[in-house]
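Here is the structure we will look at.
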Amino acid sequence: ATGIKVQFVRAADGPLNSRIAIEGRAGQKTWDLTVTTAVSQIPAQFLAQYEIPEAANLIPQARAADRRWYGSSANYNTPAYNTKLVRKEDLPTSYEGFIAKKEWKGRVAIDTGDQQWLAGMFQHYGEERGRKLIGDIITALDPVVHDGHLALARALGAGEYMVALNNFMNLTFNVQMNGAPTDVFVLDPVSVHVVQVGVSANAAHPNAARLAANFAVSRQAQAFSAAAGRIPVRADVTPTPPDALQRIAGRTLVSTAFGPEDDRKWKRTFDELFKRR
C-alpha cells in the first residue's frame, strides 16, 4: 500500500516470542512489528506503548489497556458439527447438554491448544463449577485431542468426527465455504482472543512500524483480512460469510488475552483435564 519494502519472517508464536526475548535482552534492533495471537505474552519491556488513529474504530477486545498491542482480527471460539452426521435439532443448547450426548463418545474432538477456550469457560462458570462441567463432559464423551485448529476443522468436515467441542469460528466457515458439510453452533460463553499487532520498544524504524500497525487495523487491511477468511475487529467491515458476527449476537463474550504466566497456567490446566485420563 505504501511502497515501503519489508523483510517478512513467519513462524509459530512460541519460537517468535522466544527469539524476540533473546534479541531484546541482547539489546538488538532486529524487528519493528510483530503480528501474532501471542503479542500479549511478550514481556512488556520489549513492547512500545503507542497510539494509532484507527484504534478508535476497533471493538473493545481489540485494544490493550496498556496500549502495547491492537487487534487485527478475532478468533471466536464456538462448537461445530458435521451436518451429515448430526441433525441441527439434536445439538445441545448449552455446554451442560453435551453430557447427555453419550452416543457421540469418541467422535468429539478439541484442539490441543484450546487453553483460551478453557479460561473463558472457567471465567464464565467459576473455577469449581467450570472444572466439574469440563470433567463431566470428558467422562461422557472421551474427546479426542487433535493437533491444529485448521486440521480439526478439516477433519470435522471430512466426517472423522461428529462434533468439535470447540474451534475457531472462522476456520469452520472456511471449510464450509470449500464445500464440506460443517457448521458452527454458538453457546455461552464465547471466548474471543484477537490476532495482535505490537511494535518493538527498540525498533530500528519506529515511525514506519506505527504506520504499519495503523494500516493493519485500518478498514482497507481489515477488508483484505476478511476476504481471506478472518473475522474483522471493526464494525464497518463485512466478514465472510456476511452473517458471521450475527451468529454471536447476544452471546456472552469473554476476552482471553493472556500474559506469559497466565498462558502457562491455562495450558497446564488444559493438559491436566484433557490429556491425563
Checklist line | Over the stretch 142-240: Rg over Rh, Cα atoms, Kirkwood Rh | finding: 1.08
Check: Considering the stretch 82-218, what Rg and Dmax in Å follow from its alpha-carbon atoms?
Finding: 18.2, 58
Check: How high is the FRET efficiency from Arg264 to Thr83, r the C-beta distance, R0 45 Å, rounded to 0.05?
Finding: 0.75
Checklist line | Sparse-neighbour loop sites [trypsin sites (Lys or Arg not before Pro); the stretch 66-105; at most 16 other C-beta within 10 Å; DSSP] | finding: Arg67, Lys84, Arg87, Lys105
Check: So which of Lys102/Lys275; Lys29/Lys265; Lys105/Lys132; Lys132/Lys275; Lys84/Lys265; Lys88/Lys267 end up more than 27 Å apart, counting from Cα to Cα?
Finding: Lys29/Lys265; Lys84/Lys265; Lys88/Lys267
Check: Once the other residues with Cβ under 12 Å from the Cβ of Asn202 are scored (Lys, Arg +1; Asp, Glu -1), what is the net sum?
Finding: 0
Check: Given the protein chains as shown and a 1.4 Å probe, how many square angstrom of Glu103 are accessible, to the nearest 10?
Finding: 120
Check: What net charge is computed for the residues neighbouring Gly179, neighbours being all others with C-beta under 14 Å from the C-beta of Gly179, Lys and Arg scored +1, Asp and Glu -1?
Finding: +1
Item checked: Extension gain, Arg63 back to Ala44 (0.36 nm per residue minus Cα-Cα distance, nm) -> 5.3 nm
Margin query: Only four residue types carry charge here, +1 at the Cβ of Lys and Arg and -1 at the Cβ of Asp and Glu. Report the dipole size of the chain about the Cα centre in Debye, rounded to the nearest 20.
Written below: 320
Next item on the list: Can you tell me the FRET efficiency between Glu23 and Ala208 if r is taken as the Cβ-Cβ distance and R0 is 22 Å, rounded to the nearest 0.05?
Entry: 0.75
Check: Accessible area per residue, 1.4 Å probe, Å², for the chain: what's the number?
Finding: 48
Item checked: Size of electric dipole in the stretch 135-277: Cβ of Lys, Arg +1 and of Asp, Glu -1, about Cα centre, debye, nearest 20 -> 360
Item checked: Dipole magnitude of the stretch 118-180 about its Cα centre (Cβ charges: Lys, Arg +1; Asp, Glu -1), debye to nearest 20 -> 120
Item checked: Dipole of the stretch 153-244 [Lys/Arg +1, Asp/Glu -1 at C-beta], most positive-end residue of Gly157, Ala201, Gly229 -> Ala201
Margin query: Rounded to the nearest percent, how much of the accessible area of the stretch 63-175 (1.4 Å probe, protein heavy atoms only) is carbon and sulfur?
Written below: 48
Item checked: Rg/Rh ratio calculated on Cα atoms of the chain (Kirkwood radius) -> 0.98
Item checked: With eigenvalues of the C-alpha gyration tensor scaled by 5 and rooted, the stretch 33-163, Å -> 34, 17, 14
Notebook entry, point to check: In Å and whole numbers, how far do the C-alpha atoms of the stretch 1-43 stretch along each principal axis, longest first?
Noted result: 31, 24, 16
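The values are calculated or read from the model by the stated rules, or taken from the named source; none is laboratory data. None of these values were measured; they are calculated from a predicted model. Backbone-built Cβ (ideal geometry, glycine too); neighbour counts: all protein chains shown. All accessible areas refer to the heavy atoms of the entire protein, side chains included, with ligands and DNA or RNA removed. Shrake-Rupley method; radii C 1.70, N 1.55, O 1.52, S 1.80 Å.
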